[in-house]
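In what follows, a structure is listed as structure tokens, so that the remarks can point back to it.
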Amino acid sequence: MDQRKAPILEALAAYHQHDRYGYTPPGHRQGRGVDKRTLDVIGADAFANDILASAGLDDRSSSNGYLAEAQELMADAVGAEHAFFSTCGSSLSVKAAILAVTRGTGDILIGRDAHKSVTAGLILSGLQPRWIRPRWDNELRLAHPPSPETVEGMWQRHPDAAACLIVSPKPYGTCADIQAIAEICHRRGKPLIVDEAWGAHLPFHDSLPTWAMDAGADICVVSVHKMGLGFEQGSVYHLQGQLVDPIRLKQCADLLATTSTNVLIYAGMDGWRRQMVRHGEKQLDAALQLVETTRGRINGLPGLHVLHDELIREEASHDFDPLHVLIDVQQLGVSGYQAADWLRENARIDVGLNDHRRIEATFSQADNRQSADRLLEALGSLVEAAPGLPVPAPVELPDSADLEMETVQLPRDAFFGPVEVVPVSEAAGRIAAEQITPYPPGVPAILPGERINARVIDYLVSGAKAGMVLPDPADPSMETVRVVQE
């Protein structure tokens with residue numbers, strides 16, 4: 001296919017050249033009715049390009065097929081058989097994938113390190129999760145991707161499961177041995193779904209970890225807004241092979257998706273694909289060189305350590321994306337929560353993942369020496385300020401065995417069934433009716449249907465006091481918990 005084309009972007013340019021005007025949504029009429037104070041912040045171009053996808057960008061029957069052609073170009077660019085765009089993020093895409101490989105009942109193998117959007121898919125579908133144990137790291141207190149041997153053992157225990165779903169790369173940049181896991185699934189004629197939200201850039205540079213489709217996955221979900229250059233909420237789910245019906249996948253997505261898709265998000269993905277085909281390898285090469293130098297410079301700052309070898313040793317990750325710069329700050333005597341807050345308040349720097357001892361800065365092809373210098377300057381100031389910060393509140397960290405709680409009810413039944421609110425001191429031993437998720441990275445510590453244990457409660461209560469963000473429980477302060485009514 002002609003990868004120089006960007007059909008959605010070109011159609012958007014033609015819309016303006018033809019001076020079209022729609023008596024349709026959106027009601028702002030390309031920004032004509034928007035308050036100037038709003039335009040001054042958001043920009044007139046954003047509103048001018050916010051037009052209806054059909055009976056706007058395309059005709060009312062979408063006969064020009066701009067979206068279909070853009071999706072075909074995306075699939076061609078990365079070597080997938082099908083590509084579908086989503087304007088509701090990978091959270092929607094992974095739910096659609098879960099629904100598509102099952103028929104709304106039965107078992108599915110899922111890594112227990114999966115994102116909260118996966119849990120939402122279980123609640124919506126009514127499926128029985130069979131949790132694949134990740135490689136818990138009791139030294140670093142994080143989870144590495146599951147091993148092929150663990151996946152094989154789970155298939156032997158649950159041979160009737162509909163599919164297997166794993167996360168790779170992890171938010172830390174660590175990756176599973178997808179090829180070996182795909183072979184294990186395919187020997188049984190079962191599909192492998194890879195939540196590769198952090199891996200949109202992987203097909204475009206050989207020095208990066210193997211992309212899930214090249215490794216044999218059947219469905220791969222990527223977030224263009226994470227490691228790509230698209231707008232927030234831009235996601236693509238790719239499909240190959242004969243184990244998943246593309247029509248069913250598309251229809252499952254349609255059940256969940258908005259009917260008011262944002263053309264700006266579509267256009268951003270379309271233009272990003274063209275850019276990556278033409279310039280992606282060169283730009284990523286520069287980013288990889290920059291991040292290698294930056295890692296060394298950060299390690300040179302007293303009290304800071306950039307994790308690398310610990311993440312790729314034999315018992316940990318199969319591969320690693322170095323654009324994830326995971327920084328241990330515990331030698332400064334501060335927590336990751338404190339470091340993230342200090343950087344935002346004092347250096348106007350935002351970092352992504354943060355926990356009791358780490359912060360993470362992700363690099364992309366958009367970064368350069370100037371942005372790297374800004375990060376180094378901010379971290380240097382943090383090092384100087386750290387002795388004056390309060391002693392961090394302790395976080396009571398559970399062992400891996402404590403995190404593997406028993407699932408005693410379907411997540412759907414526990415979530416939608418009768419619930420009661422109990423003081424957190426009475427939650428241990430009860431069945432959770434809500435998910436409780438430290439965010440980021442967004443992996444639930446407690447899921448609906450699990451029997452809560454005291455160690456995990458202690459972890460969440462102490463974490464909340466130390467600065468952990470818990471966006472999904474009804475009571476983020478962790479004074480009360482929603483449990484299944486007895």
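Here are the numbers for the structure shown:
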{"item": "Residue list for the range 41-58, filter: surrounded by 15 or more Cβ atoms within 10 Å (Cβ to Cβ), acidic (Asp, Glu) and over 10 Å from Leu264 (Cα atoms)", "result": "Asp58"}
{"item": "Out of Val194, Val222, sole residue that is at pLDDT 95 or above, crowded, with 19+ Cβ neighbours inside 10 Å, out of contact with any Asp or Glu (no Cβ under 8 Å at 6 or more places or on another chain) and part of a strand (DSSP E or B)", "result": "Val194"}
{"item": "Matching option when the condition is at pLDDT 95 or above and crowded, with 18+ Cβ neighbours inside 10 Å, among Pro145, Pro159, Pro171, Pro203", "result": "Pro203"}
{"item": "Unmet criterion (only one of (1) in contact (Cβ under 8 Å) with a residue 60 or more places away in the chain; (2) surrounded by fewer than 20 Cβ atoms within 10 Å (Cβ to Cβ); (3) not hydrophobic (A, V, I, L, M, F, W, C)) for Ser477", "result": "(1)"}
{"item": "Sole exception among (1) of a type in the set (Lys, Arg); (2) within 22 Å of Thr480 (Cβ to Cβ); (3) without any contact (Cβ under 8 Å) to a residue 40 or more places away in the chain for Arg455, by number", "result": "(3)"}
{"item": "Positions within the range 30-58 being over 32 Å from the mean Cα position of the chain (by Cα), of a type in the set (D, E, K, R) and at pLDDT 95 or above, in sequence order", "result": "Asp35, Lys36, Arg37"}
{"item": "Test: residue in the range 235-246 that is within 20 Å of Leu9 (Cβ to Cβ) and surrounded by 19 or more Cβ atoms within 10 Å (Cβ to Cβ)", "result": "yes"}
{"item": "Close pairs from the range 111-124: first under 17 Å from Ser235 (Cα atoms), partner part of a helix (DSSP H, G or I), Cβ under 6 Å, at least 6 apart", "result": "Ser117/Ser91; Ser117/Val94; Val118/Val94; Gly121/Lys95; Gly121/Ile98"}
{"item": "When residues of the range 317-352 are limited to those that are crowded, with 21+ Cβ neighbours inside 10 Å and out of contact with any helix residue (DSSP H, G or I) (no Cβ under 7 Å at 6 or more places or on another chain), the one farthest from Asp206 (Cα to Cα)", "result": "Gln338"}
{"item": "Count - residues of the range 353-395 that are surrounded by fewer than 17 Cβ atoms within 10 Å (Cβ to Cβ) and under 25 Å from Ile452 (Cβ atoms)", "result": "2"}
{"item": "Residues of the range 6-32 classified as among the acidic types (Asp, Glu) and over 25 Å from Gly230 (Cα atoms), total", "result": "1"}
{"item": "The range 33-46 - residue that is aliphatic (A, V, I, L, M) and in a helix (DSSP H, G or I) and, of those, farthest from Phe231 (Cα to Cα)", "result": "Leu39"}
{"item": "Criterion (in contact (Cβ under 8 Å) with a residue 40 or more places away in the chain, under 20 Å from the mean Cα position of the chain (by Cα) and assigned to a loop (DSSP other than H, G, I, E, B)) met by exactly one of Pro438, Pro392", "result": "Pro438"}
{"item": "Residue pairs meeting the criteria (Cβ under 7 Å; at least 6 apart or on separate chains; first over 19 Å from Lys226 (Cα atoms), in the range 340-358; second surrounded by fewer than 15 Cβ atoms within 10 Å (Cβ to Cβ))", "result": "Arg344/Asp350"}
{"item": "Tally, over the range 293-321, of residues that are modelled with pLDDT of 95 or more and not hydrophobic (A, V, I, L, M, F, W, C)", "result": "11"}
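Table: residues versus (1) surrounded by fewer than 20 Cβ atoms within 10 Å (Cβ to Cβ); (2) under 26 Å from Arg130 (Cβ atoms).
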position: Asp413; (1), (2): yes, yes
position: Val424; (1), (2): yes, no
position: Pro441; (1), (2): no, yes
position: Arg455; (1), (2): yes, yes
position: Leu460; (1), (2): no, yes
position: Gly463; (1), (2): no, no
position: Asp472; (1), (2): yes, yes
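The values are calculated or read from the model by the stated rules, or taken from the named source; none is laboratory data. Worth saying up front: this structure is predicted, and the values here are computed from it rather than measured. For neighbour counting, all protein chains shown are included, and Cβ atoms are generated from backbone atoms with ideal geometry for every residue, glycine included.
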